[in-house]
1. Output the antiparallel fraction of DSSP beta bridges having both residues in chain A, as a percent to the nearest 5.
2. I'd like the accessible area for B:R353, computed on protein heavy atoms only with a 1.4 Å probe and all protein chains in place. Round to 10 Å², please.
3. Taking each residue of B:359-372 in turn, how many C-beta atoms of other protein chains fall within 10 Å of its C-beta, and what is the average?
4. With a 1.4 Å probe, how much accessible area is buried between chains A and B, both sides summed, in Å² to the nearest hundred?
5. Could you work out what % of the accessible surface of segment B:237-455 is carbon and sulfur, using a 1.4 angstrom probe and leaving DNA, RNA and ligands out of the count?
6. How high is the FRET efficiency between A:E264 and A:D46 when r is their beta carbon distance and R₀ equals 30 Å, given to the nearest 0.05?
7. Given the DSSP H assignment, sum -39500 (n - 2.57) over each helix run of at least 4 residues in chain B and divide by its residue total; what's the result at 222 nm in deg cm²/dmol, nearest 500?
8. Return the lysines within reach of B:K202: Cα separation strictly under 16 angstrom, same-chain partners fewer than 8 residues apart disregarded; answer none if there are no such residues.
Amino acid sequence: MMTEATQQNAAEIKPKEVGTTPVKITARDVKVFYGDKEALHGVSMDIHEREIVAFIGPSGCGKSTFLRCMNRMNDTVPSAKVTGKIHLGATDIYDPSIDVVLLRAQVGMVFQKPNPFPKSIYENIAYGPRLHGLAKAKTDLDGIVESSLKRAGLWEEVKDRLDAPGTGLSGGQQQRLCIARAIAVSPEVILMDEPCSALDPISTAHVENLMLELKEQYTIVIVTHNMQQAARVADRTAFFHLGDLIEMNETSQLFVKPQEKRTEDYVTGRFG
Amino acid sequence: MNNATRPNSGLDGFASNEERTQHIASTLKRRRSKETRFRFMGILAVALSIGLVGILFGSILAKGIPSFWQATFVLDVDFSPELVKLESPKPVKEPNESPARYEERVNEWANQLNFINWNKLLLESVAKVLPESTENPRAVLEMFASSTRFDLRNMVIENPDIIGKTERLDLVASANVDVWIKGNIDRSLPDNQQQISADARKWADQLYAEGVIENMFSTVLFTNSDSRSSPATAGLLGAFVGSLMMMVVVILLAVPVGVAAAVYLEEFAPQNKFTDFIEVNINNLAAVPSIVFGLLGASVFIIMLNLPMSAPVVGGLVLSLMTLPTVIIATRASLKAIPPSIREGALALGASRVQAITDHVLPLARPGILTATIIGVAQALGETAPLLLIGMSAFVANVPSTPLDPSTALPVQIFLWNGNELRNFFEGRTSAAIIVLLVLMLTLNSLAIWLRKKFEIRW
């Protein structure tokens, strides 16, 4: 079905089946306060299974803040307060009975700056599965490490030096290590906060290809400053400005036929 | 300056670029000389501090190092059966006898040895090398440390088979002989101002020239405790053991409590007025004069809790209180220095906060915590004032066998020896004790550096 669709729409700009998969994340009227300051003014959106959604917008527009709401990383900021509802599948993730540990096992995250643990490559990957008791035996763990690294496209480069420190890898390799670390616990959603901003173009291409492959299995939400990147990888793109979600649409639509004036100004480079 | 009438080459009032460049060039000389002056003052400050430290160490080493060698007689002592008469053989330990009971029997047996004239042994052996010494036995005995006769007795108690044999022994000379031979007293002083008699002085010189008195490495300094009756054999062992016990108490108490408090305050505690208050107070505690902790120890541990006076356990408790703020502050600083991305990485994988800290943050902070601990312990080791107030400045002649026994500490021993009335002798002993303390500190600091290097993880 997929190939048929691709062939059929080959002439068009970005043929993608959007919204055909079930909804994975629903956000309704999400507001975030840092102390008294409202940083996000009521964002609502649906994110579907196995799609890549990109958040774009100028600095300080709230896109990272919203991303961090989805695995409750904002909990670590003492002054932050979140209102509204976010559901992962049928679960309200801000329900007091929800254990944040369980949530974060389901919603993984990759950060702007690669942050491998100062341990061996193997230990970096094995940490998550070990935490959650996902591997019963050492061989299971070895298997998880290998398949995570393979899926992150890093296996060939590091298979002979799994004991070497993860911090000794290049920036791009470190970021793929962090992605491998995130998928080692088999999350359902992967959040990426500007994952390529510290990488050179070749490493960026690596990571982007990886995202497109991972899409087959995972829901991916990516924050990016790079509009070309959003255009290259995202099925749908959301434009944030000054704490508001201005517009969310199929990527091709958003870039070619934006509905809002502010979106048009931003994507055509008039500000931001 | 009027911009309308004067042409400008830039935003300022200068007419041309050359004029501006010239103006900037004219200021350069002043700026350079300022820099030179600043550098010179820096070098001067460094030189001054190195000079002062050099003078301090120089004087300590100059006074202290000779004290590690001490005037010692090398004599053949004849344990003749006429002088050392034993009425019964030393009791033998019976198979089913308790050690305490055996010790009691040995002590009973040893009582008879107290009536033996041990000085006679010394006089006879000196007479062999110096026949005229028989004319003035008092002067001969003046030359020996007063504990020598007990040492001879203890040798016989240890091994009664020695009786009838002649042994070549190293016997510590009296403090006054040591002072005389080392020239630490003005030799031209009149007789009534000298510490030992004219005969003793003459013979000491003579025996030193003959090699009977030698300047030997002073083992008593490390194997004996303080002594007042026999200053020549006063040593550091009791104070050293006391200091060691206090260090153990400090490490066992201040480190776990301090690290736990720091981790809680840094990683878990909510940010509110109360935690701010605690933080300010911890910083204040670090600045409280140490003698105040001594007063606290005296009133709380000794008066309220009835712990024994002069005991290393009380000293250790007081020093722990004093070290706690240092450990807490330094541990918090090293926790703060761990990049938050490491915590976030662990949390995003689903680690709980405790797991993120124990698995990642603490291992990374370990070198910092270790350094903080060792510096805190070294600081405690050198502390004197609070110990004076809990009775650790008492004269203690025994080596403490438990932390509840009375004891002194190394810095207190330095304080006590520095005040000893036998100045000529104890000035050197004090410096020697300072050297021992400094070596101990230096060892601790090197250990801190080594541990830091060993556990340092780069990221």
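The values are calculated or read from the model by the stated rules, or taken from the named source; none is laboratory data. Here the structure is a predicted model, which means the values were calculated and not measured. In this analysis, Cβ positions are derived from the backbone assuming ideal geometry, glycine residues included, and neighbour counts consider all displayed protein chains. Remember, those area values only see protein heavy atoms, side chains included, never the ligands or the DNA or RNA. Shrake-Rupley method; radii C 1.70, N 1.55, O 1.52, S 1.80 Å.
1. Values: 26 of 43 bridges.
In chain A, DSSP labels about 60 percent of beta bridges as antiparallel.
2. Approximately 130 Å² for this residue.
3. Details: counts 6, 4, 0, 0, 3, 2, 0, 0, 0, 0, 0, 0, 0, 0.
Taking the mean over all residues of the peptide, I get 1.
4. Details: alone 12940 and 25380 Å², together 36640 Å².
Separately minus together, A and B give about 1700 Å² buried.
5. Values: 6750 of 9500 Å².
In segment B:237-455, the share of accessible area belonging to carbon and sulfur is 71 percent.
6. Values: r = 23 Å, r/R0 = 0.78.
That gives a FRET efficiency of 0.80.
7. The helix contribution divided over chain B gives -19000 deg cm²/dmol.
8. B:K182
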